[in-house]
Amino acid sequence: MNSTQSLISELVSQHGKKRTSLLPILQGVVEQEKFLTEFSMIEIAKALDLPASDVYGTASFYSFLEHKKMGQFIIRVCKTITCDMKGKNQILLAIQDMLKINIGETTPDGKFSLLQTNCLGWCHKAPAMLINDEVFTEVTPEKVREIIGTYMKRND
């Protein structure tokens, strides 16, 4: 049994083999392994006795359940109308210019990935951005450059 299978087994023991356990198990795998591989989704399907298509369908529906390798720091920019009206496009342009990547891409060094996501729940302080689990609100192009500059210097 490899580490992914052990992790899935542990998560199934913790959450149970019910269909309703699927989402917490997917979240647990992403938390530990950073993304869902095809192998992990098949193993989850086997463990819960579900069709693999159900597991993939659920994983691909939720924007925080990545199913491809991402950068160490995942930058998510809110794409709601509120953030759009408050300058989301300028934020994206500043990030793209600084990191030399487009939406959906990862920097060649594997440090950053850039994504757009649905509402982050910070419309009252738009535009909002999330880097891994850290929320940044009322961001401007200048503030974004400063934030990303700080992350570029990190070695974790």
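The values are calculated or read from the model by the stated rules, or taken from the named source; none is laboratory data. For clarity, every value in this text was computed on a predicted model and none was experimentally measured. Quick reminder, even Gly has a Cβ in these numbers, built from the backbone with ideal geometry, and neighbours come from all protein chains shown.
Listing for the model above:
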quantity: Close pairs from segment 41-59: first within 10 Å of Leu26 (Cα to Cα), partner aromatic (Phe, Trp, Tyr), Cβ under 7 Å, at least 6 apart; calculated: Met41/Tyr56
quantity: Counted residues, segment 95-130 - those being buried (at least 16 other Cβ atoms within 10 Å of the Cβ), touching a helix residue (DSSP H, G or I) at 6+ places or on another chain (Cβ under 9 Å) and β-branched (Val, Ile, Thr); calculated: 3
quantity: Residue match in segment 47-54 (condition: under 26 Å from Gly110 (Cα atoms) and either hydrophobic (A, V, I, L, M, F, W, C) or loosely packed, with under 13 Cβ neighbours inside 10 Å (or both)); calculated: no
quantity: Matching option when the condition is over 26 Å from Gly28 (Cβ atoms) and surrounded by 17 or more Cβ atoms within 10 Å (Cβ to Cβ), among Ile148, Ile75; calculated: Ile148
quantity: Any hit, segment 68-76, residues being modelled with pLDDT under 95 and aliphatic (A, V, I, L, M); calculated: yes
quantity: Val144 part of a loop (DSSP other than H, G, I, E, B), over 17 Å from the mean Cα position of the chain (by Cα) and not acidic (Asp, Glu); calculated: no
quantity: Segment 110-134, residues that are part of a loop (DSSP other than H, G, I, E, B) and either under 17 Å from Ile147 (Cα atoms) or modelled with pLDDT of 95 or more (or both); calculated: Lys111, Ala126, Pro127, Ala128, Asn132, Asp133
quantity: Segment 47-83, residues that are out of contact with any Phe, Trp or Tyr (no Cβ under 9 Å at 6 or more places or on another chain) and over 25 Å from Gly121 (Cβ atoms); calculated: Ala47, Leu48, Asp49, Leu50, Pro51, Ala52, Ser53, Asp54, Val55, Tyr56
quantity: Residue within segment 97-107 that is assigned by TED's automatic domain parsing to the domain that holds Glu146, closer than 17 Å to Val144 by Cα and acidic (Asp, Glu) present; calculated: yes
